[in-house]
1. Would you list K320, K207 from fewest to most Cβ contacts within 10 Å?
2. For R492, R422, R43, which order do you get if you count the other beta carbons within 10 Å of each Cβ and list the fewest first?
3. Putting +1 on Lys and Arg Cβ atoms and -1 on Asp and Glu Cβ atoms, find which of L530, A576, N385 reaches farthest to the positive end of the dipole of the range 292-643.
4. Using only the Cα atoms of the range 412-460, what semi-axes does the equivalent ellipsoid have when each is the square root of 5 times a gyration tensor eigenvalue? Give whole Å, largest first.
5. Using the alpha carbon gyration tensor of the range 292-643, what are the three equivalent-ellipsoid semi-axes (square root of 5 times each eigenvalue), largest first, in whole Å?
6. Which entries of K474/K536; K320/K441; K377/K564; K355/K419; K315/K474 show an alpha-carbon separation above 21 angstrom in the structure shown?
7. So how strong a dipole does the range 292-643 carry about its Cα centre when Lys and Arg Cβ are +1 and Asp and Glu Cβ are -1, to the nearest 20 debye?
8. In whole Å, what are the extents of the range 345-431 along the principal axes defined by its C-alpha atoms, from largest to smallest?
Amino acid sequence: MRPVAEAAVNALRNLPRGRKRSILVAADLITVSFAIWGAFALRYGDWWAPPTPEAVLIILAAPLIAIPTFAMLGLYRSVLRFLPEDAVFSIVRATTLATLIWVMLVFVFQFTNYFVVPRSVPLIFWLLCTLLVGGSRYVAKQVLWRRRGPVKGGDEPGIVIYGAGSAGAQLATAIRQQGSGRVVAFIDETAALENHDVAGIRVHPPKRLGDILARYRPAEVILSGAVIGAEDRQDLLAKLAERGIRLRTLPPINDVLSGKYLVNQIREIDIDDLLGRSSVPPDPNLIRTMVEGRTIMVTGAGGSIGSELCRLIAKWSPAKLVLFEANEFALYELARRLLVPGGVIVPVLGTITEKELVSRVLRQHGVEVVFHAAAYKHVPLVEANVLEGIRNNVLGTQVLADAAQAQGVRDFVLISSDKAVRPTNVMGATKRWAEFIVQQKAFEAQAAGTGQRFCAVRFGNVLGSNGSVVPLFKEQIAAGGPVTVTDPAMTRYFMSIHEAAELIVQAGSLSKSGDLFLLDMGQPILIRNLAENMIKLAGFSVRDETNPEGDIAISITGTRPGEKLYEELFYNPAAAATTSHPKIMRTGLSIRDRGMGEHMMRLQQALAAADEARARQVLFEVIEPGKAATPPAPTPALQHSRYSSR
């Protein structure tokens with residue numbers, strides 16, 4: 001009989017919406033008729049039979065009044081499968097109104113002496129009607145869309161939701177309604193919820209997580225609105241990886257409310273979720289002041305930071321957005337996808353070392369703001385191509401800054417790097433020179449009273465940027481490993497591309513000229529830990545001495561030429577001052593003439609003579625006077641596994 005019953009249930013599920021509504025109306029006709037008959041029967045204490053035709057008319061009037069009333073109040077618009085738990089209030093409202101209308105009709109009958117209805121009958125009718133109409137809907141919901149399989153135990157894999165707040169409750173309801181899983185438990189740190197039920201599911205404290213995993217053997221754990229730090233997330237990931245349990249996360253509630261995600265759209269947790277960075281909403285006034293209604297040029301527009309800056313700027317209604325990029329395909333793709341409401345996009349193909357082109361573009365389009373993101377940032381490649389790295393990063397910045405000063409650009413923002421602090425490689429040294437150039441221009445603008453603002457923004461690595469370690473690790477994991485790490489003690493600062501772009505624009509708005517802004521990067525991350533976490537996030541285990549049967553090994557390749565074990569954001573942390581934004585700091589460096597003209601001439605002479613050793617010497621002497629850089633060991637041929645991360 002069970003297969004027959006399931007076939008009948010499936011047939012009802014698959015009926016067209018109109019037929020389901022007709023069945024519901026017919027059921028209500030029967031239900032309301034039974035309720036009015038039952039009210040009289042209970043009042044008279046026997047199987048009551050209408051004594052007169054008028055009594056029959058009054059009985060028939062009840063369902064004839066109730067059905068249109070139910071329809072008017074929307075009871076037939078509700079889909080039983082998604083019937084909310086608080087729908088009982090709508091049902092009570094509908095049955096109450098139907099009862100009141102029926103009582104008014106009864107009053108008319110009594111006034112004409114056709115038939116007298118006992119005063120207790122309407123109350124009994126209302127109670128029976130509410131219970132039967134509401135109960136029939138919830139019974140239908142449970143029968144037609146009940147979850148298959150046991151509620152506890154059994155072999156069916158379940159889901160544990162970490163976070164029993166409103167988002168977690170909605171997620172559990174969505175999973176139950178869609179039949180996409182079986183939620184077996186909530187985990188929440190709120191003591192008031194411990195051992196209570198949310199959405200019919202028991203809430204447990206985090207200390208019982210191990211017992212819950214052992215008891216229910218869930219297939220996955222979903223983070224839902226729970227406030228959990230980076231270390232705790234890493235510990236949770238390690239515990240789940242040992243048992244082969246997947247960890248996923250519900251998008252932030254702001255993304256849900258904005259329509260970017262639905263509450264039941266769960267995404268895979270990524271490495272960005274483990275950084276533990278506290279997000280600070282951007283200050284819309286700072287961004288608006290810097291962008292809205294202005295003509296803005298972004299150099300290196302097709303790169304990781306440059307393209308994210310362009311996407312952010314485009315949302316804030318600039319008058320014109322000039323995309324300056326040397327890579328034809330990157331420029332084409334960016335210009336094709338960008339949309340500036342009420343503004344204009346101007347793609348410009350060229351390099352920042354072309355003086356005439358740079359000056360013409362700034363003058364022709366009346367550029368007011370320049371975000372200078374164009375640079376060679378790949379440490380091993382720049383180390384292997386010293387002259388070209390210096391020409392692009394140093395001379396290109398000088399050309400652009402000179403042109404910006406001459407053409408009256410109001411705001412100039414250099415995107416710098418943490419590798420500019422006590423640099424041991426050419427890339428970092430060129431970035432330090434670029435900072436000097438910008439501060440020199442700020443000094444000149446202040447001395448001339450032009451009101452132009454030149455500043456630099458320094459920060460560390462961004463996750464997922466072109467050439468960063470994250471895409472490399474993903475590629476190596478997809479290939480089955482090994483994942484290559486240069487040194488087990490190596491650390492780096494990380495932040496998301498979007499956060500970096502927002503902070504860069506806001507820092508530019510805070511500039512008083514000559515500023516060197518430092519972005520709060522949080523705590524440095526061990527690259528080996530990053531590799532291990534990415535392996536676990538991909539659903540694999542790390543193969544090492546303690547786990548020789550693991551899936552993917554981590555290979556230590558040794559540090560590369562010019563590479564530091566750790567990076568710094570400050571030359572002198574005590575000199576950093578806070579700003580109005582909690583994630584942006586300003587160094588205490590004063591605007592002064594650094595005499596860069598003479599040094600630049602010496603550097604250009606070395607480039608013209610293609611004298612790499614002389615160019616390197618000049619480069620580092622300016623950063624630390626009297627101390628030239630030690631020539632590095634001969635750079636080996638570039639290998640993909642060792643030279644694809646900055």
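Nothing in this text is a laboratory measurement; each read-out follows from the coordinates by a stated rule. Quantities reported herein were computed from a predicted structural model and do not represent experimental measurements. For neighbour counting, all protein chains shown are included, and Cβ atoms are generated from backbone atoms with ideal geometry for every residue, glycine included.
1. Working: K320 18, K207 9.
Placing the least packed residue first, the sequence is K207, K320.
2. Details: R492 21, R422 13, R43 17.
In increasing order of surrounding Cβ atoms, one gets R422, R43, R492.
3. A576
4. Numbers: eigenvalues 113, 21, 7 Å².
Working through the eigenvalues yields semi-axes of 24, 10, 6 Å.
5. Details: eigenvalues 224, 121, 77 Å².
After diagonalising the Cα gyration tensor, the semi-axes are 33, 25, 20 Å.
6. On the way: K474/K536 12 Å; K320/K441 25 Å; K377/K564 15 Å; K355/K419 27 Å; K315/K474 30 Å.
Distance filter (> 21 Å) returns K320/K441; K355/K419; K315/K474.
7. On the way: 36 positive and 35 negative charges, 137 e Å.
Magnitude of the dipole: close to 660 debye.
8. Principal-axis extents of the range 345-431 (Cα, largest first): 39, 23, 22 Å.
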